[in-house]
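The values are calculated or read from the model by the stated rules, or taken from the named source; none is laboratory data. Predicted model only: the values in this text are computed from it and were never measured. All Cβ positions, glycine included, derive from the backbone under ideal geometry; neighbour counts span all protein chains shown.
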């Protein structure tokens, strides 16, 4: 997946030090990227106005809130563990590949954790992230019926777990259902994907499930302390990719 920050940083650093080897560039990037990102966003010349990007440029609080439910984009999401045994499954998610510079791919997955990060600085500096298990979106994992346009995923094939995090605001809800008439062993893991229609009564942007809307045992919150050594690459880079166009706008104008 494209990391626009790497591209911007690498271009700037290579212009300053044209003799840098790729290995040396990577080592410097690992040490400087977090500070560089903050300075880049705070520089008025770059005209970064997106609040999510501004939040993500700051370091986050080491205490993270973990929820079992979240309402966003008109959907009520639950983690897959919390949804076990319930009559409805609200833990299936999809995200457009356009967030990652690939408009032809839709990613499908299952919601494992809901994390609320708080970042340093004034105002509302919280961001909700979904940690998901993503199914293989390649030729062997996802198929689209040429006539009926039905998306078919292989629930036994998942992609690497090094990029599990997305912004909750990026996600839409889907559900998966098996094909009862398929008898072949190779088809037993096939699931048809159906989109869930967003409910207007739930159109509350970036809002966790209010306690008054559910039973007392409906919502659970616990906090855990993150490793203080967690660096930008572990969490923040995946979030920043959600709004790469604004960063690219400055990059394109400056290079032209």
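Quick one: would you say residue 19 is outside the structural domain of residue 129 (by TED's automatic domain parsing), surrounded by fewer than 16 Cβ atoms within 10 Å (Cβ to Cβ) and touching a residue at least 60 places away in the same chain (Cβ under 8 Å)? Here the answer is no, as residue 19 does not meet what is asked.
Scan the range 133-180 residue by residue and report those that are buried (at least 17 other Cβ atoms within 10 Å of the Cβ) and without any contact (Cβ under 8 Å) to a residue 24 or more places away in the chain. Answer for the range 133-180, where residues must be buried (at least 17 other Cβ atoms within 10 Å of the Cβ) and without any contact (Cβ under 8 Å) to a residue 24 or more places away in the chain: 136, 141. Test of understanding: among 53, 63, which residue is at pLDDT below 85 and either surrounded by fewer than 16 Cβ atoms within 10 Å (Cβ to Cβ) or farther than 29 Å from residue 134 by Cα (or both)? After ruling out the rest, the residue left standing is 63.
Scanning the range 159-198 for residues being modelled with pLDDT of 85 or more, part of a loop (DSSP other than H, G, I, E, B) and in contact with a helix residue (DSSP H, G or I) (Cβ under 7 Å, 6 or more places away or on another chain) gives a total of 0. Just one residue in the set 130, 119 is surrounded by 14 or more Cβ atoms within 10 Å (Cβ to Cβ), at pLDDT 80 or above and either over 24 Å from residue 84 (Cβ atoms) or touching a helix residue (DSSP H, G or I) at 6+ places or on another chain (Cβ under 9 Å) (or both); that residue is 130. Look at (1) in contact with a strand residue (DSSP E or B) (Cβ under 7 Å, 6 or more places away or on another chain); (2) assigned by TED's automatic domain parsing to the domain that holds residue 155 and you find that residue 74 fails only one, number (1).
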